[in-house]
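The structure appears below as structure tokens.
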Amino acid sequence: MELIISQQKQKDWPAVWAVLEPVFRAGESYPLPSDVSEADAETYWVKKDGYNAVAYDDTGLLVGVYYLRPDQGGPGAHICNAGYVVASEARGKGIATALCLRSQAQAVAMGFSGMKFNLVVASNAGALSAWRKAGMEIIGTVPKAFDHPRVGLVDAHIMFRDLKP
């Protein structure tokens, strides 16, 4: 499958929301209330100081999205944070890893020297596998940091990758 990845435009939002909403409603991987409104989800996902991308397959179907933004401000603004969602029907095809690798290249182009994920739910084996394939490493674990709706309290990992050449 060929991916066409580009910067998200306002016209993409309805399709982006269609990918995000089931994941946010499930409450298994993002620290948002499962009943988050569309407006609040958009405020969370799209930031003025960030970069948002959409990935369409060769048939024109939106199969994944990501955001990229500074993890902190001021002296910490050289490290970015990112988030990814792959459409349910497109999972298991390497799209998450491809999006992560593309976002790392975008991060370097934007001047970031490292990428940090603040909360990777330990029970999300697919995400952990994808991020490791993209060179991310677990640098810390917060015990019982995420209240998973099916399995209860689970650990959350902090992951990092140095992006300097």
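The values are calculated or read from the model by the stated rules, or taken from the named source; none is laboratory data. Everything quoted here is computed from the prediction, not taken from an experiment. For neighbour counting, all protein chains shown are included, and Cβ atoms are generated from backbone atoms with ideal geometry for every residue, glycine included.
Quick check on my filter: what residues within the range 123-136 are in contact with a strand residue (DSSP E or B) (Cβ under 6 Å, 6 or more places away or on another chain) and either basic (Lys, Arg) or not in a helix (DSSP H, G or I) (or both)?
Once the filter is applied, which keeps residues that are in contact with a strand residue (DSSP E or B) (Cβ under 6 Å, 6 or more places away or on another chain) and either basic (Lys, Arg) or not in a helix (DSSP H, G or I) (or both), the range 123-136 yields Ser123, Gly135, Met136.
Where in the range 49-122 are the strands (runs of 3 or more DSSP E), entirely inside, with at least 1 residues that are in contact with an Asp or Glu (Cβ under 6 Å, 6 or more places away or on another chain) and within 19 Å of Ile5 (Cα to Cα)?
51-57, 62-70, 79-86
Taking interchain pairs and intrachain pairs at least six residues apart, which have beta carbon atoms under 7 angstrom, with the first residue in the range 138-163 and outside any strand (DSSP E or B) and the second charged (D, E, K, R) and at pLDDT 95 or above?
Close Cβ pairs (under 7 Å, with a partner that is charged (D, E, K, R) and at pLDDT 95 or above) amount to Pro149/Glu28.
Mind checking whether some residue in the range 141-151 is over 21 Å from Arg25 (Cβ atoms) and touching a Phe, Trp or Tyr at 6+ places or on another chain (Cβ under 7 Å)?
No: zero hits.
Does at least one position in the range 109-118 carry a residue that is of a type outside the set (Val, Ile, Thr), surrounded by fewer than 18 Cβ atoms within 10 Å (Cβ to Cβ) and in contact with a Gly (Cβ under 8 Å, 6 or more places away or on another chain)?
no
Just to check your reading of the model, which residue among Gln72, Gln104 is modelled with pLDDT of 95 or more, under 16 Å from the mean Cα position of the chain (by Cα) and not β-branched (Val, Ile, Thr)? Can you show your working first?
Values: Gln72 fails: under 16 Å from the mean Cα position of the chain (by Cα).
Answer to the check: Gln104.
Just to check your reading of the model, which residue among Thr97, Thr43 is polar (S, T, N, Q) and within 21 Å of Gly135 (Cα to Cα)?
Unique residue meeting the criteria: Thr97.
Contact list please: Cβ distance under 6 Å, first residue in the range 32-47 and farther than 17 Å from Tyr66 by Cβ, second residue assigned to a loop (DSSP other than H, G, I, E, B), pairs at least six apart or on different chains.
Ser34/Gly27
Do any residues in the range 18-31 that are assigned to a loop (DSSP other than H, G, I, E, B) have Cβ atoms under 6 Å from those of residues that are loosely packed, with under 13 Cβ neighbours inside 10 Å and not basic (Lys, Arg), where the two are at least six apart or on different chains, and which pairs are they?
Gly27/Ser34; Gly27/Pro149
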